[in-house]
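Data first, discussion second: the structure below is written as structure tokens.
The values are calculated or read from the model by the stated rules, or taken from the named source; none is laboratory data. In this text the structure is predicted, and so the values were computed from the model without any measurement. Here the Cβ positions follow ideal geometry from the backbone for every residue, glycine too, while neighbour counts run over all protein chains shown.
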Amino acid sequence: MDQSGIVGGVIGGVIVAIIFTVFLVVPAEFDKPKVILNNEYVNTIEKTTPLHSKNLSLIEIFEKSEPGVVRVNVQRNESPDANGGVGSGFVFDKLGHIITNAHVVNDAKKVIVTFLDGRSYNAEIIGADEYTDIAVIKVNADLSLLQPLLLGDSSNLKVGEQIAAIGNPFGLSGSMTSGIISQLGRLLPTDNQYSIPDVIQTDAAINPGNSGGPLLNMMGGIVGINTAIQSTTGSNTGVGFAIPSQTVAKIVPTLIEKGEYEHPWIGISGRDIDPDMAKVMELKDAVGFLVVTVVEDSPASKAGLIGSEKTIQVEGVSYPIGGDIILSVDGMEVRKIDDILIHLQRAKSVGDEMILEILRDGRTTNISIILQERPN
């Protein structure tokens, strides 16, 4: 099957729906939101050491983590009787910052956070990034309720590793499920032009209402934020997705400081080199990403990358030819578009230099690109 994509985005779709896991409800009456002004910020994001040095039982993980997991109710219209939604979140620090999904609080007129003991607080939206589906909200809550959960290191995850998810599926507060890491480095399509790279796939039961809740390793560290399921019915079918803690650690401090995050951008579209294309182009291996289009005034355009100039027909199939083929980024092999997107997400920021090894006219050469902010 041909694969194609936009660097920072995706072309095409999936056979089954990607469902972002917010549960719609009719919320009770809410108080007017409070405006919280507190510019202090204690950066606990660097404390990525798991809570414990050895594996815990699922019972121990739940008992230690449950106080830091919250329910997030959202009202999207002015009327208190209007339909809203329910998601999940977790306490990030003692200043009242709560991490959840951007789609949970998107277009919210009012957000209410409920803690384990049933106490609720109006929340202020501090910042959100739809391109990684991460949001930070803040409550002026009693300090005794603020039990931060520490981030684990998602870069150490292995396929087959046991994990646990805590959240509010279908509004059922404080529910826990368990499973394994099914795969790593997935590309998750979204409703906007860009897809989310480097996503964790798990078979732990994730359902509407789980959005924003923590995915934990067996040492009690958060390794992801539960965000979506792949389903034909709207309910769990054993394929769930979570934003990795590596991404959280990179995005959240900027959201707290600035309210938004600037994503780096190259400015090309193209397609992965598959075996048929490799044969047509007389390539030795079916690896790399063919540049088909270079966006005007983009970093790629300024660096001199070349897109495909024409297409040829082979057995009734059109193949673009003549464009640069990206073989590696900063010394890391590019097998397909996912490798470029994951590297951008993990290691790069706006203004950084990135070295592309490309194949052009049968010869390899290196090109330096200065990354710019991704356009909306």
Residues of segment 335-376 classified as assigned to a loop (DSSP other than H, G, I, E, B) and more than 22 Å from residue 186 (Cα to Cα), total: 8
Residue match in segment 111-126 (condition: modelled with pLDDT of 95 or more and among the small types (Gly, Ala, Ser)): yes
Residue count, segment 304-334 (criterion: more than 19 Å from residue 285 (Cα to Cα), in a loop (DSSP other than H, G, I, E, B) and of a type in the set (A, V, I, L, M, F, W, C)): 2
Residue count, segment 255-293 (criterion: of a type in the set (A, V, I, L, M), in contact with a Phe, Trp or Tyr (Cβ under 9 Å, 6 or more places away or on another chain) and part of a helix (DSSP H, G or I)): 4
Given (1) closer than 27 Å to residue 371 by Cα; (2) touching a Pro at 6+ places or on another chain (Cβ under 7 Å), index of the condition residue 328 fails: (2)
Some residue of segment 300-317 being of a type in the set (Ser, Thr, Tyr) and at pLDDT 90 or above: yes
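Okay, residues lined up against (1) farther than 22 Å from residue 92 by Cα; (2) in contact with a strand residue (DSSP E or B) (Cβ under 7 Å, 6 or more places away or on another chain); (3) hydroxyl-bearing (Ser, Thr, Tyr):
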| residue | (1), (2), (3) |
| --- | --- |
| 149 | no, yes, no |
| 152 | no, yes, no |
| 155 | no, no, yes |
| 163 | no, yes, no |
| 173 | no, yes, yes |
| 176 | no, yes, no |
| 182 | yes, yes, yes |
